[in-house]
1. Could you tell me whether any residue of region A:124-142 is under 16 Å from residue A:262 (Cβ atoms), of a type in the set (A, V, I, L, M) and not in a helix (DSSP H, G or I)?
2. Among the residues of region B:174-190, write down those that are within 16 Å of residue B:33 (Cβ to Cβ) and surrounded by fewer than 23 Cβ atoms within 10 Å (Cβ to Cβ).
3. Can you confirm whether residue B:111 is closer than 28 Å to residue A:204 by Cα, more than 9 Å from chain A (Cβ to nearest Cβ) and hydrophobic (A, V, I, L, M, F, W, C)?
4. Since residue B:66 meets every condition but one in (1) more than 30 Å from residue B:14 (Cβ to Cβ); (2) facing chain A (nearest Cβ under 8 Å); (3) touching a strand residue (DSSP E or B) at 6+ places or on another chain (Cβ under 9 Å), which condition does it not meet?
5. Could you tell me which of the residues A:214, A:198 is surrounded by fewer than 18 Cβ atoms within 10 Å (Cβ to Cβ), free of Cβ contacts under 8 Å to residues at least 60 places away in the same chain, within 14 Å of chain B (Cβ to nearest Cβ) and part of a helix (DSSP H, G or I)?
6. Residue B:133 - would you say it is within 25 Å of the chain's Cα centre (by Cα) and either among the aromatic types (Phe, Trp, Tyr) or in a strand (DSSP E or B) (or both)?
7. Among the residues of region B:209-218, are any buried (at least 17 other Cβ atoms within 10 Å of the Cβ), within 13 Å of chain A (Cβ to nearest Cβ), touching a Phe, Trp or Tyr at 6+ places or on another chain (Cβ under 6 Å) and assigned to a strand (DSSP E or B)?
8. Report yes if some residue within region B:16-24 is basic (Lys, Arg) and surrounded by 20 or more Cβ atoms within 10 Å (Cβ to Cβ); otherwise report no.
Amino acid sequence: MSSMTKAEANAPGTRLGVRGPAHYLRRYGQQIGIITVALVIWAFFRIGAPRTFSRYEIYGAFMSTTPFFALMALPLTLLVIAAEIDLSFPSIMAFGMMVFSIVLVRAENAYLAFIACLVAGLLAGLLNGLIVVRFGIPSLVVTLGTQFFWRGVVNVVTAGNGTGLTSTKTTFLYGALVGRLGDRIPAQMIWTIVVAILVWFFLNRTRLGAHVYLCGDNVESAKLMGVNVARVKMLVFAIVGMVAAFAGVVVSMEVLYYWPTLGEGYLLNTLASVFLGGTSVFGGTGTIFGTFVAAFIIGSINAGIVAVGLSGFWTQLIYGLIIVIAVTLQTALSRRFS
Amino acid sequence: MDDLLRLIDISKSFGEVQSLRQVSFRVGRNEIVGLVGDNGAGKSTLIKIITGYHQPDPGGEIYFGGKKIDRMTVARARELGIEPVYQERALADQQSLWRNIFMGRELTQAFGVLDVRRMQQETEKLMTQLMGFTSTAVTPDSTVKHMSGGERQGVAITRALYFRAELLVLDEPTMGLSLSETKKALDFVAEIKRAGKAGIFIDHNIFHVYPVADRIVVLDRGRVAGEFSKEQITLEGLVAKLHHVAETGHLDEPQAA
């Protein structure tokens, strides 16, 4: 093997200099970038509305409502890293909760309803994956279709009628999903952290997670090296579906009512969280940490804008500015340091 | 002769197009076989069958190490130690060096948890001992997208040898490389022979194949048009034959494969 050493001895290796700040910027650039964005926005709100942002209530409100879409943004990050997309998860939320409310009414058992809901979400996600993998249709098109399909199923079955969930309020499930820990921390915030840790572990500490990156980066080489691309993608679609159904339960339990329109309005917030968090739209790179922080940035803007004295009409304008500026900066910086 | 790989009467069609017609092909143990031919000659199809990426049409036979292989899949090929090394498709650009080395063969510890630290350490060892990266700037965490063509070939061949591949399948390892990078890539090919392993070296460029190959097989329009051991033919003679094959589709005297 010594000849190999000789052959490569002159390999250009010193072009980047010694391991210093640049090394860490390269390695943790995405994470540093998103934290910087979060701090700048927080400072802006803190200065603009010192009274609101120095009290717990505003943070409690963020922790109560941001999980509704942060939960879905986390597994969706896996899908985008694998170079796929899912537009159907808002409808899967509604579909899962439709199953929940049917089982709840018939069996009068919230736990059974909860399990049925998760299974329904899992199967709906799996169906997305199956169509994408078996027929090779772009997931953008497939999930655009299933998004209409599941919403349509919900509309036909419920005829637009909602279901009251007050009967679940006395169950352990209610407290576990949307109760308040120590009367302060919303349980859904804890679940968001739990899901973030689980998804992070899956992505970074399991073989299937490692294959998620490979599927999104170079699917040809992944296949050639024996990665079961179809299995990885179907699994991730199924996870997204199941977590969407879970998020649907959390949202509905919080208001103790199931609306058939559940999920509408979450699509763009969720996707924005993934992309603002630094996940590449082309696949292959992205972090769970980035998505987690980005979701809370997106979740804080609405209330923050009102608190600093601007009207709510400013919300979308600021969203737009932050997303475009942050993503442009990230791209520019990653070119500079990689 | 003791064959490592033997294909008998392998055909492959894609719809109407017949890509391979009854091709027989063999590779001896510790032998480097050059596979040359024009675009569309069937080189890629043949190696995709050998690596289990395509299934041949019914009727042919594949033997590896003397054993008949009923169904060659990507997983089966890897179990047997057949390792493809593609220049363009070998590496995932945005991933770190260690993820590329252990692509599809990640090391795990208890409960199937990835052993990231050990993969990084092993990569670091390979980098200094085999690939010759001495700089502290290139770490196992560095992405591979800025590496040169020769370095990328080095990573892919090192990966194959590290996992004890028996037969390395090199698809145009010198394509698009500069002169010095080509030299590097060819040195790595020679390293396969020195490590006691076998290789199939696919290239358009006979001038790159000839110096490192023990035997050269010429494909043309889906058939084996000729086969020469290095003792049989000079480089000039081979070039003349290749021109003749390209024009007529056959050699002067039919050659038993």
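The values are calculated or read from the model by the stated rules, or taken from the named source; none is laboratory data. Given the structure is predicted, the values throughout are model-derived calculations rather than measurements. In this analysis, Cβ positions are derived from the backbone assuming ideal geometry, glycine residues included, and neighbour counts consider all displayed protein chains.
1. no
2. Within region B:174-190, B:186, B:190 qualify.
3. Taking the combined requirement at face value, the residue satisfies it.
4. (2)
5. Values: A:214 fails: surrounded by fewer than 18 Cβ atoms within 10 Å (Cβ to Cβ).
Exactly one residue qualifies, and that residue is A:198.
6. It is true that residue B:133 is within 25 Å of the chain's Cα centre (by Cα) and either among the aromatic types (Phe, Trp, Tyr) or in a strand (DSSP E or B) (or both).
7. The answer is no; no qualifying residue exists.
8. no
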